[in-house]
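Take a look at the structure below.
The values are calculated or read from the model by the stated rules, or taken from the named source; none is laboratory data. The model shown is predicted, which means the values in this text are computed figures rather than measured ones. In this analysis, Cβ positions are derived from the backbone assuming ideal geometry, glycine residues included, and neighbour counts consider all displayed protein chains. Just the protein is used for accessible areas: all its heavy atoms, side chains included, with ligands, DNA and RNA removed. Shrake-Rupley method; radii C 1.70, N 1.55, O 1.52, S 1.80 Å.
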Amino acid sequence: MNSVQANEQQTPWWKSAVIYQIYPRSFLDTNGDGVGDLRGIIQKLPYIKSLGVDAIWLGPICSSPNDDMGYDVSDYRQIMTEFGTMADFDELMSLAKAAELKVIVDLVLNHSSDEHSWFIESRSSRDNPYRDYYIWRDAKGNGEPSNWESVFSGSTWEFDEASGQYYLHLYSRKQPDLNWENPEVRRELFNVVQFWIDKGVDGFRLDTITTISKAPDFPDAPVVDSTRSRQPATQYYMNGPRMMEYLREFHDVLLSDPALVTIGEAPGATPLQALDLIDSKAGVMDMVIQWEHTEADPGTGGKWGPEWWTVPHFRKIMSAWQRGLAGKGWNTLYLNNHDQPRAVSRFGDDAKYHSESAKMLATCIHLLQGTPFVYQGEEIGMTNVAFASIGDYRCVETLNMYQKERAAGVSDATLMERIHRKSRDNARTPMQWTGKPNGGFTGAKPWIAVNPNYAAINVEKQEDDVLSVLNYYRKLIALRKSNPVIVHGSYADVDTNSDWVYAFKRSRDGTELLCINNFSANDIPFRAPLPSNADSIEVIIGNYEDDYARSVRPFETRVYRYRT
Ligand code: GLC
Ligand code: CA
């Protein structure tokens, strides 16, 4: 063993891991109320294990009135009634441990629900001891304390008649921001984290953790769009002045145990900003969920605007993260989660080349350096949904946007087109287990309708098909275990001379992988640049049966391995 390999042996578990993300509400309903639950997750542990993944990340499971589906917590120490009980959670923990699956929980500490007892106290009067747990400000002139626009449309300020002040909510009005400036609040949140550590969890996904410190004087944001009454103000609440101080405190007191993984959600972060957080020596957490590549497509209209996604742009972003973190920090790798439309619809082809493009996107992501995340349903190529009416949608961001734009005179048809493309509900329809009614998710009416394509796309159908997307994911995940180069190898871009093909190399100790991905539905002339002195060249995974060296076929992916 050389020193590089010895070093790699010290690698923390999460670097070689694949993490499976569960959105509990839509995973499996076992008690017939139309809502997924913890017992559903317990029942499917063997399935999860069969994928070859190492860990599960559970979306929020704490008590919540579900204005933002669990991202509005009303009690950090109780399980949401619809999901089950703490006994169910304890059982899930011990069964997961027995199956050697790590468990990561989602913690929402930037804000709570307005139904949390802290907020109920806080709003009850100006001199309540909990007043300062949240961010209250007087009116400026006759209006809101600043012109900030909420992530979920409208103002970030909500007026409270009874106490005559405004409170801040970066997200929905039922998600008041906690005041991290107050040491009491930080102490309370410490205790929450400790509570879950004591429960035996293996790590945390820290929701919107880069927004915990705000510019203290709440300045008005510059007007970037004069047609809007409120303006985007991320520069005043992301990576704020005291964020590092707070996170350092959390890290040093609670989270420095190397067995625990901490994954912070960092919308808007660049590789450089990310390194402040995750530098392997001086950082305050292990990985960040960055958004740059998932935000590579908006036009001038922001998230909902027309798209201009291109492969060169995507490649540029992915390469910048690969190079920027190399040797210093560690990437998360994903295209899907509960906040994103389904990748196969967005970057692939969810009709003619459904299977090919689902496999290509998976290969491209899993072959980069970092920890891949698989979001439930991705492993069978679940697609976007196009419900006919706004009444079929549940996501607060979607509903608020629709309401606001309708009021401004935009037509229903225009808005539904945007929603079909971008709504978060695309990712939240129930898991498609079988071809039976409701995809086998529930015997009742599901909380959100099942995607009507469940008869064609479901787990049961793909289990027995060796060429299915599902079995491809299993193969891909297994490859990671038998090819250390996938975890440890260095990354280099490969020039493909094509605006549709993204190729890169990974190298370690004389072993090289060449990963080629065609993001188009066309045949593209392309000769794999294999070194002439390469030995024992083989294709270790690909989505076409035969190896055809003169071009890449529609949505083809191919990974060569050789020795140099
Ligand atoms: C994160 C979550 C998202 C949620 C928001 C507010 O971005 O991933 O689902 O709505 O934070 O908590
Ligand atoms: Ca249920």
**OP:** Report the residues of region 325-348 in range of a label on Ser490: point 7 Å along Cα→C-beta, backbone N strictly under 15 Å from it.
**Re:** 325-328
Original post:
Considering only protein heavy atoms and a 1.4 Å probe, what is the carbon-and-sulfur percentage of the accessible area of region 204-318?
Top reply: 57 percent
Original post:
Taking the Cβ-Cβ separation of Val224 and Glu417 as r and a Förster radius of 22 Å, what is the calculated FRET efficiency to the nearest 0.05?
Top reply: 0.35
Original post:
For Lys303 and Ser551, what is the calculated FRET efficiency with R₀ set at 51 Å and r taken between the beta-carbons, to the nearest 0.05?
Top reply: 0.90
**OP:** Go ahead and run the numbers for FRET between Gln235 and Thr11, Cβ-Cβ distance against an R0 of 22 Å, rounding to 0.05.
**Re:** 0.05
**OP:** With a point put 7 Å past each Cα toward its Cβ, work out how far Gln78 is from Asp138 in nm, to one decimal.
**Re:** 3.7 nm
Original post:
So how far, in whole Å, is the C-alpha centre of region 284-353 from the one of region 224-255?
Top reply: 21 Å
Original post:
Got a sec? What order do Ser226, Ser16, Ser357 fall in by accessible area at 1.4 Å, biggest, i.e. largest, first?
Top reply: Ser226, Ser16, Ser357
Original post:
What is the spin-label model distance, in nm, from Asn497 to Ser319 if the labels are put 7 Å beyond Cα along the C-beta direction?
Top reply: 1.6 nm
**OP:** Output the relative contact order of region 488-563, whole-number percent, from Cα pairs under 8 angstrom with separation of 6+ residues.
**Re:** 32 percent
**OP:** Would you mind getting the accessible area per residue of region 193-233, heavy atoms of the protein chains only, 1.4 Å probe, in Å²?
**Re:** 40 Å²
**OP:** Could you do me a favour and compute the accessible area per residue for region 256-398, 1.4 Å probe, result in Å²?
**Re:** 31 Å²
**OP:** Please get the size of the charge dipole for the chain, origin at its Cα centre, with Cβ charges of +1 on Lys and Arg and -1 on Asp and Glu, quoted in debye to the nearest 20.
**Re:** 1180 debye
Subject >> Mean-position separation - Cα centroids, region 47-95 and region 406-433, in angstrom >> reply: 26 Å
Original post:
So what's the gap between the Cα centers of region 509-564 and region 453-477, to the nearest angstrom?
Top reply: 23 Å
Original post:
Among Lys316, Lys328, what's the order by accessible area (1.4 angstrom probe), most exposed first?
Top reply: Lys316, Lys328
**OP:** Give the residues of region 307-339 whose amide nitrogen is closer than 12 Å to a point set 7 Å from the Cα of Ala449 in the direction of its Cβ.
**Re:** none
Subject >> Within the chain, percent of DSSP bridges classed antiparallel, to nearest 5 >> reply: 60 percent
Original post:
How many percent of the accessible area of region 117-168 is carbon or sulfur, using a 1.4 Å probe?
Top reply: 45 percent
**OP:** Quick one: compute the contact order of the chain, relative version, from alpha carbon pairs under 8 angstrom and 6+ residues apart, as a percent.
**Re:** 13 percent
Original post:
Once both labels are modelled 7 Å past Cα along the beta-carbon direction, what's the Glu245-Tyr544 spacing in nm?
Top reply: 5.9 nm
Original post:
Excluding ligands and nucleic acids, what accessible area in Å² is computed for Asp67 using a 1.4 Å probe, to the nearest 10?
Top reply: 40 Å²
Original post:
Averaged per residue, what accessible area in Å² does region 446-534 show with a 1.4 Å probe, protein chains only?
Top reply: 43 Å²
Original post:
Of Lys199/Lys445; Lys49/Lys436; Lys44/Lys436; Lys102/Lys475; Lys316/Lys359, which ones are farther than 27 Å apart at the Cα?
Top reply: Lys199/Lys445
Subject >> Carbon/sulfur fraction of accessible area - region 488-563, other protein chains in place, 1.4 Å, % >> reply: 43 percent
Original post:
Normalised by the residues of region 260-389, what does the relative contact order come to in percent, with Cα pairs under 8 Å and at least six apart?
Top reply: 20 percent
